[in-house]
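Contents: one structure, followed by commentary.
The values are calculated or read from the model by the stated rules, or taken from the named source; none is laboratory data. If you're wondering where the values come from, they're calculated on a predicted model, not measured in any experiment. Cβ atoms come from the backbone with ideal geometry, glycine included; neighbour counts cover every protein chain shown. In case anyone asks, the SASA skips ligands and DNA or RNA and just uses the protein heavy atoms, side chains included. Shrake-Rupley method; radii C 1.70, N 1.55, O 1.52, S 1.80 Å.
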Amino acid sequence: MQEPVSQVAGPGRGLTTTQVAEVVSRTCPPAQYKGKRVLLIVPDGTRTAPVGLLFQTLHRQIGSVTKAFDVLIALGTHQPMSEEAICGRLEISAKQRRENYGAVKFFNHSWDNPAELKLVGTLTAEEVSLVTDGLFSMDVPVEINRKVFDYDQVIIVGPVFPHEVVGCSGGNKYLFPGVGGPQILNFFHWLGAVVTNPMIIGNKWTPVRKVVDRAGAMVKVDKLCFCMVVAPNKELAGLFAGTPEAAWDKASDLSRQIHITFKDKPYHTIISCAPPMYDELWTAGKCMYKLEPVLADGGELVIYGPHLSEVCISHGKHIEEIGYHCRDYFLKQWDKFKDVPWGVLAHSTHVRGIGTFENGVERCRADVTLATLIPKETCKRINLGYREPKSIRLEEFANREDEGVLLVPKAGEMLFQLKTPPKWAGGA
């Protein structure tokens, strides 16, 4: 594996624009891009990262010599972004869009539109069994947005954080599920759920990462990846450029150093505040995923999001039908739930957390409560608790960790783990 080009900031510092430009300059000599068509794949607004800095730096470096320099939003199954929202993601004004980037085309990925997808291969049952350590044995078709084949090079730009499905985000994950089709997407989300969030999150070489990289290898286009590691203060702590595999490998090591907060004891009450970038529970569920490892047995985690009014626009109907449950609730009634999109089942179990289902009785390890604009009746129907958002005064939960109360003002990206994890989270 070829060593990526990289820059890493010193402790407490962030990379300068000059350092970022140096990485881009070393990686993308203009002479190599003359007359080429380049597609930039970037995340939507649910990821904290200076995506605009990379977009603008790359455009200055090669935009004037390329035949095309376009942007595809790696939505996965998230909602399409408007022109205005994409400009916000790329940190450009409407005026700059018109005057400096008018030739750049913006595309949203459509995961559920077969006309926009191309089959690149199939993960065979034998391969699936091998990479999942025998958990699954089934053929999985691999589809990707067909636009990637209209370009000479795909450049992936995105951050690396601990992730509930794949372990550490970034790299080929911006292809799958970022711009992938529903079958591979549903498969590996459920694979991650079967392994469980606490056993996956923050780990590098998970079964899901193996699936993602294997699928990425089927995409026979020239790929370059810029993996960003963003510090909690939003400064760029590191930038790694190379193949999706090599850049991600180094970036994930740095991510694991700065994105995991270790605690001595679990908390019986956690107030997990959803930032505005999570505009529905489908994404705000990360406020549970990143904190489940420090939630005490019998405790309560509150997802506090007074701006949240939707469970999920794309998948809300399915979620309303099945509700939120632990993994075994579905596995032990598989014939009843096997036709529900597996990505929805995965989301359900990740939000509800670890639990058991025995003799028709579900017992979840802890309670999950919504303090959002989602009505109390809806919360009850989908098997989550409810608190009136206005009843929560955040200052009353601050600085009470010695009492077993944890307030997280911006949840969803930093991972919290115990120094000595329980067995269900990988401990002895």
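One residue stands out among those in the stretch 1-50 that are of a type in the set (Ser, Thr, Tyr) and at pLDDT below 95: the one that is farthest from ASN233 (Cα to Cα), which is THR46. Restricting LEU53, LEU15 to residues that are over 27 Å from PHE149 (Cβ atoms) and touching a strand residue (DSSP E or B) at 6+ places or on another chain (Cβ under 6 Å) narrows the list to LEU15. Of everything in the stretch 370-428 that is of a type in the set (Phe, Trp, Tyr) and within 19 Å of ARG352 (Cβ to Cβ), the residue that is modelled with the lowest pLDDT is TRP424.
Please verify whether the stretch 255-274 includes one or more residues that are open to solvent by 10 Å² or more (accessible area, probe 1.4 Å), without any contact (Cβ under 8 Å) to a residue 24 or more places away in the chain and not charged (D, E, K, R). Checking the stretch 255-274: at least one residue is open to solvent by 10 Å² or more (accessible area, probe 1.4 Å), without any contact (Cβ under 8 Å) to a residue 24 or more places away in the chain and not charged (D, E, K, R).
Scanning the stretch 39-51 finds no residues that are farther than 22 Å from ASN108 by Cβ and surrounded by fewer than 22 Cβ atoms within 10 Å (Cβ to Cβ).
For (1) touching a residue at least 24 places away in the same chain (Cβ under 8 Å); (2) of a type in the set (D, E, K, R); (3) at negative phi, each residue gets a yes or a no:
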position	(1), (2), (3)
VAL148	yes, no, yes
VAL154	yes, no, yes
GLY170	yes, no, no
GLY181	yes, no, yes
ARG214	yes, yes, yes
MET218	yes, no, yes
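Might you let me know whether the stretch 108-127 holds any residue that is open to solvent by less than 50 Å² (accessible area, probe 1.4 Å), farther than 20 Å from ASN186 by Cβ and charged (D, E, K, R)? Within the stretch 108-127 (the criterion being open to solvent by less than 50 Å² (accessible area, probe 1.4 Å), farther than 20 Å from ASN186 by Cβ and charged (D, E, K, R)), the answer is no, since none of the residues qualifies. Just one residue in the set VAL65, VAL71 is over 22 Å from GLU280 (Cβ atoms) and surrounded by 18 or more Cβ atoms within 10 Å (Cβ to Cβ); that residue is VAL71.
It is to be established whether one or more residues within the stretch 211-219 are in a strand (DSSP E or B), modelled with pLDDT of 95 or more and out of contact with any strand residue (DSSP E or B) (no Cβ under 7 Å at 6 or more places or on another chain). Within the stretch 211-219, none of the residues are in a strand (DSSP E or B), modelled with pLDDT of 95 or more and out of contact with any strand residue (DSSP E or B) (no Cβ under 7 Å at 6 or more places or on another chain).
The residue that is nearest to the chain's Cα centre (by Cα), among those in the stretch 281-334 that are modelled with pLDDT under 95 and among the small types (Gly, Ala, Ser), is SER314. In the stretch 335-428, counting only strands (runs of 3 or more DSSP E) that sit wholly within it, the ones holding 1 or more residues that are in contact with a Cys (Cβ under 9 Å, 6 or more places away or on another chain) and either among the acidic types (Asp, Glu) or buried (at least 16 other Cβ atoms within 10 Å of the Cβ) (or both) span 355-358, 361-364, 367-372, 405-408.
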